[in-house]
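Read-outs: derived from the displayed coordinates by stated rules, not from any lab. If you're wondering where the values come from, they're calculated on a predicted model, not measured in any experiment. All Cβ positions, glycine included, derive from the backbone under ideal geometry; neighbour counts span all protein chains shown.
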Amino acid sequence: MAELGLVVGTAGNVSVRLDSAEGRDLMAVTPSGAPYDGLAAEDVVVTDFEIEPVEGSRPPSSESLLHAGIYLRRPDARAVVHTHSIFSSVLAVLGEDLPPVTDEVAVYVGGAARVSEYAFPGSEQLARSVCAALGDNKAALIANHGAVAIGRSLDEALDICLLVERASQIYVTARAIGQVRPIPPEFVEAEKAVYRMRNPLARGDARSQEVP
Ligand SMILES: [Zn+2]
């Protein structure tokens with residue numbers, strides 16, 4: 001992610017859902033405060049969804065609750081990638097969604113990458129507000145913070161992060177030059193239908209919409 005310019009230093013984090021063991025839901029997540037350069041397999045931490053450590057000697061990412069919260073509310077998610085990439089963060093700081101301004105956003109993200117309500121990093125509230133923004137889609141912007149994407153694999157989640165960052169750059173640049181011409185709504189609906197066909201299990205848990 002650092003090489004791709006999605007994060008700097010130790011920022012951002014990655015996880016994959018593991019098969020549950022004895023009814024316990026598990027994930028493998030990057031450790032807290034570790035630069036990506038030199039990260040080895042044994043540095044990765046296995047925790048349950050309450051962030052109780054199961055394997056590994058390092059503390060898990062400080063944003064582990066976000067990852068667990070997404071797995072709990074999105075059964076289709078097998079991997080979560082969270083970045084602090086520049087153009088996604090520009091929209092997140094403005095408190096604006098990334099609308100489906102290019103065809104690929106609607107087809108691969110499922111519609112807009114919506115921006116969440118602000119919540120403190122690492123908090124359960126952040127997990128809730130990001131899941132509410134995510135809904136049935138595969139990416140969301142985290143208010144004043146960054147972006148997150150999910151996938152059926154780590155490759156897919158990373159690809160979606162890159163796609164969202166690129167589309168955010170296009171959108172921000174286009175708005176700086178002139179007026180953005182939206183894709184006609186009926187075509188956006190057709191593209192979202194393609195997304196739903198390819199991702200029949202992509203459904204946000206209705207509980208995530210509730211404001212505590
Ligand atoms: Zn972060």
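Inside region 79-129, can you point out the residues that are among the acidic types (Asp, Glu) and within 27 Å of Pro182 (Cα to Cα)? Answer for region 79-129, where residues must be among the acidic types (Asp, Glu) and within 27 Å of Pro182 (Cα to Cα): Glu96, Asp97, Asp103, Glu104, Glu117. Considered as a group, the residues in region 24-68 that are of a type in the set (Gly, Ala, Ser) and surrounded by 18 or more Cβ atoms within 10 Å (Cβ to Cβ) include one that is nearest to Ile150 (Cα to Cα), and that residue is Ala68. Just the residues that are surrounded by fewer than 24 Cβ atoms within 10 Å (Cβ to Cβ) and touching a strand residue (DSSP E or B) at 6+ places or on another chain (Cβ under 8 Å), please, taken from region 80-90. Correct list: His84, Ser89.
The single residue among Ile150, Ile142, Ile160, Ile183 that is touching a residue at least 40 places away in the same chain (Cβ under 8 Å) and more than 11 Å from the chain's Cα centre (by Cα) turns out to be Ile183.
The residues listed here are Ile150, Ile170, Ile160, Ile183; of these, the one that is over 15 Å from His67 (Cα atoms) and in contact with a Lys or Arg (Cβ under 7 Å, 6 or more places away or on another chain) is Ile160.
Here Gln169 meets each of (1) part of a helix (DSSP H, G or I); (2) under 21 Å from Arg78 (Cα atoms) with one exception, condition (2).
When Phe120, Phe49 are checked against the criterion of being without any contact (Cβ under 8 Å) to a residue 24 or more places away in the chain and either more than 25 Å from Glu191 (Cβ to Cβ) or away from the ligand (no atom under 16 Å from the Cβ) (or both), Phe120 stands alone in meeting it.
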